[in-house]
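The values are calculated or read from the model by the stated rules, or taken from the named source; none is laboratory data. Nothing here was measured: the structure is a model prediction, and the numbers come from that model. FYI the Cβ positions are ideal-geometry reconstructions off the backbone, even for glycines, and counts take in every protein chain you see.
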Amino acid sequence: MSEAPLLEVRNVAKAYGKKNKRKEVLTDINFTLNEGEVLGIIGESGCGKSVLLNLISCLEPVSDGQLFFKGQEYTGKKPKDVCRWFQVIFQDSEAAFDPKMTIRQSMKENLKLLASDASDADRRIDEMVGMMGLASELADRYPRQLSGGQVQRMAIARGLVTSPNMLLCDEITSALDVSAQAMILQYLYELRRQRGLTMIFVSHDLAVCSTFCDRIAIMQGGRIVEIGTPEQIMDHPQHDYTKLLLDAVLYVK
Amino acid sequence: MAENLLEIKDLTLSYGEFKIVTDVNFSVKPGEIVCIAGESGCGKSTLIKAILGIKHLGTQVVNGSIILNGRDITNLSVEERRQILGTEIGYVPQNTRGSFNNIRSYDIQYKETLQCHNQKFDRGEAIKLFKRLNFPDPERLLGHQPWEMSGGMNQRMAIGLAVLQEPKLMLADEATSVLDVTSQKQVIEELAQLRDELGWSILFITHNLGVASHIADKLGVMYAGRMVEYGDIRKVLDDPIHPYTRALLAAIPGKDRKLPVGLEGRPPLDGAEWTGCTFEPRCKHRTEACKTRAYCLKEVEPGHFASCSEGRVKQ
């Protein structure tokens, strides 16, 4: 393992619009992520957390700043150059699967594109689907034939089947029922334990993040206002906004 | 005044031939906040639609009755229903973005709505109400148009509109689910404040037990079209009886930062048609008898009802 962190985000900014209508949505974002670490990013809607994931995965170009992967700068690369490293999973995974393909066919497309050797595709798919706690027959169904929680787990399996270095999760449990959400958290936790998976987990739910992230970053208005371990954030919040957010989380009494 | 403001008796609802909700019984007393919680597809919104009784939504009452203030409102004519909607029953939908016209100012839309219910719109009254609810800058708010507002503010304007007509019963269908946590907390506090001041009743539908535990007096848990547990909020949350309620509580990430426990499978879509227990395929405590045992909500303790007490550990 190299000494450099797996991912470094240095002074990144993003702005939309031209000249006098220019609006900055992300300002001065800095953090590093080591291999095997899980970073949770929390913020309310519109704070720029999804844009940040788009920048890291090169779906959008940065306006300013640099991105490093294992110490190598990759700012300005195309998505297809970095999809070996990062796989992104979105909130609405049913829309992210081709409705006319079975789950297995969709996964094979990924493997064809990214794996050097796709001869044992079926075995790899079955193994990954099994790791997400689903029967391998389910992979032969179409996305609409699965429940929301199952499709989401299939999306995670699809992301992992090409063995990326890192998983970028964008609100992946927000549209699900709590029981399905809990299942996903359990399987992600298990994956972490077995494979040392590196993840960025974007969510608006502090309670969800605090259950399995190593560090949590709190975002407000395009800036990271506080970053720390769940203990630091939850027990000793420094920033006023963090305190406000903690106060607003409604736990079951 | 009748003892119960709203009484639901043996209510069975369907969309066409397809039963959605079976044998639901509960009541709302004046000044009480009742929460109905459950996961998606359990029939909680269907229940609200039936109480509103808006015909073209497609909900049909197969059996049972809905009694508001001693009067059976299950089968009212369109005109009779217009008389009670708004003035006696207020309604806040989940998606208020879709229920306001995005490009007309709030005061025009308020005026129109009140006219439909034979009431006059009084600007001063509205501003007074907004002030009481701590809306920021109440004088200017009414001139704004929905697209200029945040989701949270828009939601509060919808609550404002419902409150202006001073209904006795407020139906809130996932009224805070689309909001950020900070505005969610604010809206919930405002609703509770209104209850305290006006002595209203609120029937609050939510999938979020955290929200329920902060606002409700009574809690009903629904699963696959049936009420599986119902009672005082503290009793249900502190000492849950039904296996599903316990599984649901275990799946919610708590303050202790422990990993929540999931529940494999999904609720049956045709659960309301089953004779046996609908939770049986996912239940840890299932026995052969569960498949045939008819559904019945029993009073296990005074004021605490459940349809099954299998595997319960008394605290």
> Applying the selection to region B:25-39, what residues are over 19 Å from B:GLU299 (Cα atoms) and not small (Gly, Ala, Ser)?
Replying inline: B:PRO30, B:GLU32, B:ILE33, B:GLU39
> Counting only residues that are hydrophobic (A, V, I, L, M, F, W, C) and more than 9 Å from chain A (Cβ to nearest Cβ), which one in region B:246-282 is surrounded by the fewest Cβ atoms within 10 Å (Cβ to Cβ)?
Replying inline: B:LEU269
> Can you name every residue in region A:90-149 that is under 22 Å from A:ASP177 (Cα atoms), at pLDDT below 90 and hydroxyl-bearing (Ser, Thr, Tyr)?
Replying inline: A:SER93, A:SER147
> Considering only region A:1-47, how many residues are of a type outside the set (Ser, Thr, Tyr), under 22 Å from A:ASP214 (Cβ atoms) and either away from chain B (no Cβ under 14 Å) or assigned to a loop (DSSP other than H, G, I, E, B) (or both)?
Replying inline: 22
>> Take the conditions in a loop (DSSP other than H, G, I, E, B), within 28 Å of A:LEU176 (Cα to Cα), modelled with pLDDT under 85 and touching a helix residue (DSSP H, G or I) at 6+ places or on another chain (Cβ under 8 Å) and apply them to B:GLY276. Does it pass?
In response: no
>> Could you check region A:201-240 and list, in sequence order, the residues that are surrounded by fewer than 20 Cβ atoms within 10 Å (Cβ to Cβ) and either at the interface with another protein chain (Cβ under 10 Å from one of its Cβ atoms) or part of a helix (DSSP H, G or I) (or both)?
In response: A:HIS204, A:ASP205, A:PRO230, A:GLU231, A:GLN232, A:MET234, A:ASP235, A:ASP240
> Among the residues of region B:221-239, which ones are within 11 Å of chain A (Cβ to nearest Cβ) and in contact (Cβ under 8 Å) with a residue 24 or more places away in the chain?
Replying inline: B:TYR223, B:ILE233, B:VAL236, B:LEU237, B:ASP238
>> Here is a check on your reading of the model: is B:SER45 in a strand (DSSP E or B) and under 25 Å from B:ARG82 (Cα atoms)?
In response: no
>> Given the condition on the phi > 0 side of the Ramachandran plot, in a loop (DSSP other than H, G, I, E, B) and either at pLDDT below 90 or more than 11 Å from chain B (Cβ to nearest Cβ) (or both), answer yes or no: does some residue in region A:191-198 qualify?
In response: yes
> Quick one: which of B:THR22, B:THR96, B:THR59 is surrounded by 20 or more Cβ atoms within 10 Å (Cβ to Cβ), touching a residue at least 12 places away in the same chain (Cβ under 8 Å) and more than 28 Å from B:LEU194 (Cβ to Cβ)?
Replying inline: B:THR22
>> I'd like the full set of residues that are over 19 Å from B:GLY64 (Cα atoms) and of a type in the set (Asp, Glu), limited to region B:15-52.
In response: B:GLU32, B:GLU39
>> I need the full set of residues from region B:179-188 which are over 16 Å from the mean Cα position of the chain (by Cα) and either part of a helix (DSSP H, G or I) or more than 8 Å from every other protein chain (Cβ to nearest Cβ) (or both), in order please.
In response: B:LEU179, B:VAL181, B:THR182, B:SER183, B:LYS185, B:GLN186
> Has region B:198-217 got any residue that is more than 9 Å from chain A (Cβ to nearest Cβ), within 18 Å of the chain's Cα centre (by Cα) and closer than 18 Å to B:GLY311 by Cβ?
Replying inline: no
>> Can you pull out every residue in region A:121-135 that is surrounded by 15 or more Cβ atoms within 10 Å (Cβ to Cβ), in a helix (DSSP H, G or I) and not aliphatic (A, V, I, L, M)?
In response: A:ASP122, A:ARG124, A:ASP126
> Can B:ASN69 be described as of a type in the set (S, T, N, Q) and under 23 Å from B:GLY199 (Cα atoms)?
Replying inline: yes
> Of all residues in region A:110-120, which are in a helix (DSSP H, G or I) and surrounded by 15 or more Cβ atoms within 10 Å (Cβ to Cβ)?
Replying inline: A:ASN110, A:LEU111, A:LEU114
> Which ones in region A:181-226 are closer than 21 Å to A:VAL252 by Cα and among the β-branched types (Val, Ile, Thr)?
Replying inline: A:ILE184, A:VAL208, A:THR211
> What about A:GLN186, is it within 14 Å of chain B (Cβ to nearest Cβ) and either surrounded by fewer than 20 Cβ atoms within 10 Å (Cβ to Cβ) or assigned to a loop (DSSP other than H, G, I, E, B) (or both)?
Replying inline: yes
> Which residues, counting only those in region A:122-154, are among the small types (Gly, Ala, Ser) and over 20 Å from A:ILE172 (Cα atoms)?
Replying inline: A:ALA135, A:SER136
>> Criterion first (of a type in the set (Asp, Glu), surrounded by fewer than 21 Cβ atoms within 10 Å (Cβ to Cβ) and in contact with a strand residue (DSSP E or B) (Cβ under 8 Å, 6 or more places away or on another chain)) does B:ASP238 satisfy it?
In response: no
> So, of the residues in region B:143-178 that are under 16 Å from the mean Cα position of the chain (by Cα) and of a type in the set (S, T, N, Q), which turns out to be surrounded by the fewest Cβ atoms within 10 Å (Cβ to Cβ)?
Replying inline: B:SER177
